[in-house]
Ligand code: C2E
Ligand code: CA
Ligand code: CA
């Protein structure tokens with residue numbers, strides 16, 4: 001039994017070693033990725049659940065390394081936060097997305113809202129307001145068409161600061177969405193103090209709502225709570241017609257998910273705007 005245990009230990013430590021090596025490699029790659037223009041942005045349409053019209057898009061970063069492999073943001077964003085590289089990366093995302101969205105506005109799609117993810121570190125950083133104002137000025141994109149997505153987690157570090165930041169952004173006319181709603185801590189407690197404009201219902205609730213009456217009840221509750229607080233609701237990760245119909249019946253305002261479209265490169269998003277969503 002002892003020998004078995006030792007073997008297990010060995011496997012475990014080799015595993016950890018591989019993870020560590022991967023992390024060190026990614027980190028050094030991440031440091032040069034911005035300069036080498038290895039990041040690109042994809043845009044996923046957000047759709048009005050009643051009319052089926054495209055109302056806006058969420059910006060999602062992609063990293064294609066020098067050897068052509070795609071690294072998932074789920075893997076490199078946490079590392080970018082740890083190393084604080086998320087600050088220059090996040091600034092690039094914001095400016096690049098605003099510039100692209102401004103093009104779509106100028107091509108006649110002025111109603112489109114642009115959603116950009118902000119990591120907690122970015123959101124709480126002292127230079128946030130300066131960076132946001134700078135991006136809007138540089139690109140001439142209207143603040144009222146920009147929506148920033150943050151997670152409930154931002155309030156854990158410093159609730160007062162988080163609320164002050166949200167108010168400063170709101171003062172500029174920028175919308176604030178709570179991302180992955182329902183998966184963090186203290187949802188209810190903070191929500192009434194957050195000047196939030198949109199609630200994004202996290203994918204796990206959406207995925208299980210057809211099989212689990214409890215999840216469906218939770219989604220129904222989130223929708224009516226958000227509406228009674230004057231917020232708009234968007235469901236993410238919508239993949240099936242059944243989910244769409246349930247969400248429509250519950251009065252969910254907007255839908256985002258593979259059912260309508262995967263996140264698209266800018267050129268493909270442009271042709272989608274011209275030709276409409278595939279059905
Ligand atoms: P998120 O903000 O919750 O983004 C939604 C994720 O769900 C995206 O994954 C999107 O591609 C995926 N998704 C959309 N529709 C569906 C669907 O119908 N089914 C399924 N299974 N998935 C769907 P992605 O692009 O891999 O991004 C992962 C996470 O990385 C994001 O989660 C966000 O937290 C982070 N991220 C992405 N881009 C940025 C960025 O520019 N800045 C920051 N700070 N974080 C980012
Ligand atoms: Ca998001
Ligand atoms: Ca999300």
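A short reminder: the numbers here are calculations on the coordinates, not readings from a lab. Predicted, not measured: the structure shown is a model, and the values here were computed from it. As a convention, Cβ positions derive from the backbone with ideal geometry for all residues, glycine included, and neighbour counts pool all protein chains shown.
A few comments on the model shown:
- Helices in the chain, meaning DSSP H runs of at least 4 residues, each add -39500 (n - 2.57). Divided by all residues, the mean residue ellipticity at 222 nm is -16000 deg cm²/dmol.
- Each label point was placed 7 Å from the Cα along the Cα-to-Cβ direction; for residue 144 and residue 66 their separation is 4.7 nm.
- Efficiency of FRET between residue 224 and residue 40 - r from beta-carbon atoms, R0 45 angstrom, step 0.05: 0.70
- Ranked by how many other Cβ atoms sit within 10 Å of their own Cβ, fewest first, the residues 262, 62 fall in the order 262, 62.
- Compared with the alpha-carbon gap, the fully stretched path from residue 167 to residue 22 is longer by 48.2 nm at 0.36 nm per residue.
- Percent of beta bridges antiparallel (DSSP, the chain, rounded to nearest 5): 40 percent
- Two-site label geometry, residue 245 and residue 32: point separation in nm, points 7 Å out along Cα→Cβ: 5.4 nm
- The separation of segment 218-279 from segment 82-154, counted between C-alpha centres, amounts to 21 Å.
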